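The values are calculated or read from the model by the stated rules, or taken from the named source; none is laboratory data. These figures come from a predicted structure and were not determined experimentally. Note that each Cβ is placed from the backbone with ideal geometry, even for glycine, and that neighbours are counted across all protein chains shown.
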Amino acid sequence: MKKGRYCIFLIWFAFTILLPMTVGGAEKVSLSPRPSEKIEIMKEMRLTIGRSILPAGASPQVLHSILERGQMVIFDETTEEIPWLLSSGILVNATAEQIWKVCTGFDEFPEWVPSCRFAKATERGNNIYDITYSLGFRFLFVPLYVNYSIRQYHQPPRRLDWIGLGGTIEKTYGWGQIIPVEEGNTMYFYTCWALPGSGLLKHLLKKYPFLDVGISISAGIVYARNVKERVELLKGEEGVEGIEVEPSGESEINRKKELKIMELLTSRGPVLLFKKPEEGKPLLVSTWITFEAPPERVWADLVDYESHQYFMPMMKGIKVLERESNKALVEYKYDINIVFFSSRSKYQLEHHYEPERITWTNIKGNRYLLSGSWELFPLNEGKKTLASYQVYYDTRSLGFLPRLILKAIPEGELAINSYLSSIRVRELRDWIEAPSELRSKLKGLKGKKRNKLWQEWKRNKKERKGNQS
């Protein structure tokens, strides 16, 4: 069993270093016919062309101040035809033109894009390019290849959108957005969703459908950071002096502005913030989300610990050991099993209640989750709630093999922990917004029957929201 999981891990590791997040045998790629009019491109790329990282009314300066403190991952669950789009954002010490040059320098991709063997672009006119990629690596001494193509629509030097044209990837949509804020300082966002058309990853995603989120987080983070490193490296070689930017600070005015932009961003899905920790230090992941419920309702469900076992994935048991008006001691049992990553955890968290805030500390058992907090902010005159969920993760507590595995995977630690934070807030959101009849019914079911009903309701919920929009 352990050997099987280790082999699966090697497969997963190979996938995570690939930007398009798929693998398969060598395939021929045929490009679609050249589009004759710009309107055809707009129709082809309808899922991305009208979208922007910045919602209407959002200030780029405020978003910039947030990125000064670390990287960002943004979920957009308001998409049609596909489940979501995921954006990875980073601050680059360069101009928009310098970033654009790197992102469209396809001939040089093999020098810095992971596993890229070659990239060939064919200009179709009107800022339209068909691009063929070939990625290659060795798995257990066997060469494996990825061949696929995309069509890009360029709007230099701020944006490029793309759609898949075939190959190992069945479908892919995305865009790169470059947002200048001040001289020599620019925000870069890479947004993507992809569906494999063949290969082992297609089989794995069918068996473990939640894997796409973790792999997307990892691939997006790696690509965005590689863009930053590549741009700043070339800038340094050109002898251009870098511009140091001082953080904006935590003034009350900035705090209010940041809460406003978080309200706008989380209207589409969760937002994750993090900073790469020092070697051996715990990783802090901050996740923001909006609940379609008043703060008192959210609070009641947060402290109704026993009910979390009915909807939270991988939770095997929960028991309130002590409860007082201002605190609670809760024991958790988890069986985390994400393909190669397996960890059975049992620990006790001591929760302390403050006005609109819950803090907790790990006092006994596995130390993977060290400490964290929930903080609630009322929205829309108290009809909705903006929430911040923070967790310190310590992968050193998982043992030698998991530490070795996560160290080997590019951004593996961040991908796993970000996935766990994102799935927790998303499941809690769905539970809070679920009708009471469904919640009662779920409590009366067990195992596969409960999970089947829960997943079916969530799919219907997304479809209803899609029809309303």
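A few remarks follow.
- Answer residue from the range 420-460, given it is aliphatic (A, V, I, L, M) and part of a helix (DSSP H, G or I) and is farthest from Ser307 (Cα to Cα) among those: Leu420
- Candidates Thr172, Thr191 - the one that is among the hydroxyl-bearing types (Ser, Thr, Tyr), outside any helix (DSSP H, G or I), modelled with pLDDT under 95 and buried (at least 21 other Cβ atoms within 10 Å of the Cβ): Thr172
- A single entry from Glu375, Glu381, Glu463 fulfils the requirement of being modelled with pLDDT under 95, outside any helix (DSSP H, G or I) and either surrounded by 18 or more Cβ atoms within 10 Å (Cβ to Cβ) or of a type outside the set (A, V, I, L, M) (or both): Glu381.
- With respect to the conditions (1) more than 24 Å from Arg51 (Cβ to Cβ); (2) basic (Lys, Arg); (3) in a strand (DSSP E or B), Arg124 lacks only one, and its number is (1).
- When we screen Ser115, Ser88, Ser134 for residues that are of a type in the set (Gly, Ala, Ser) and touching a Leu at 6+ places or on another chain (Cβ under 8 Å), the only hit is Ser115.
Residues checked against (1) β-branched (Val, Ile, Thr); (2) crowded, with 18+ Cβ neighbours inside 10 Å; (3) closer than 24 Å to Gly220 by Cα; (4) free of Cβ contacts under 8 Å to residues at least 60 places away in the same chain:
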site: Asn417; (1), (2), (3), (4): no, yes, yes, no
site: Ser421; (1), (2), (3), (4): no, yes, yes, no
site: Leu428; (1), (2), (3), (4): no, yes, no, no
site: Glu437; (1), (2), (3), (4): no, no, no, yes
site: Lys441; (1), (2), (3), (4): no, no, no, yes
site: Lys449; (1), (2), (3), (4): no, no, no, yes
site: Lys452; (1), (2), (3), (4): no, no, no, yes
site: Trp457; (1), (2), (3), (4): no, no, no, yes
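- Taken over the range 194-219, the criterion of being buried (at least 20 other Cβ atoms within 10 Å of the Cβ) and either modelled with pLDDT of 90 or more or part of a strand (DSSP E or B) (or both) is satisfied by Ala194, Pro196.
- Selection status of Glu296, surrounded by fewer than 17 Cβ atoms within 10 Å (Cβ to Cβ) and modelled with pLDDT of 90 or more: yes
- Search result, residues across the range 37-79 that are assigned to a helix (DSSP H, G or I), in contact with a helix residue (DSSP H, G or I) (Cβ under 7 Å, 6 or more places away or on another chain) and of a type outside the set (Val, Ile, Thr): Leu63, Ser65
- Selection from the range 81-120 of residues that are surrounded by fewer than 16 Cβ atoms within 10 Å (Cβ to Cβ) and part of a strand (DSSP E or B): Arg117, Phe118, Lys120
- Check on Tyr389, of a type outside the set (Asp, Glu) and modelled with pLDDT under 95: no
- Residues located in the range 282-294, provided they are part of a loop (DSSP other than H, G, I, E, B) and more than 23 Å from Gly365 (Cβ to Cβ): Glu292, Ala293, Pro294
- Of all residues in the range 274-286, those that are under 10 Å from Val391 (Cα atoms) and assigned by TED's automatic domain parsing to the domain that holds Ser422 have Cβ atoms under 8 Å from Cβ atoms of residues that are β-branched (Val, Ile, Thr) and assigned to a strand (DSSP E or B), 6 or more apart or on another chain, in Leu284/Val391; Val285/Val391.
- In the range 295-329, the residues that are assigned to a helix (DSSP H, G or I) and among the aromatic types (Phe, Trp, Tyr): Trp299, Tyr305, Tyr310
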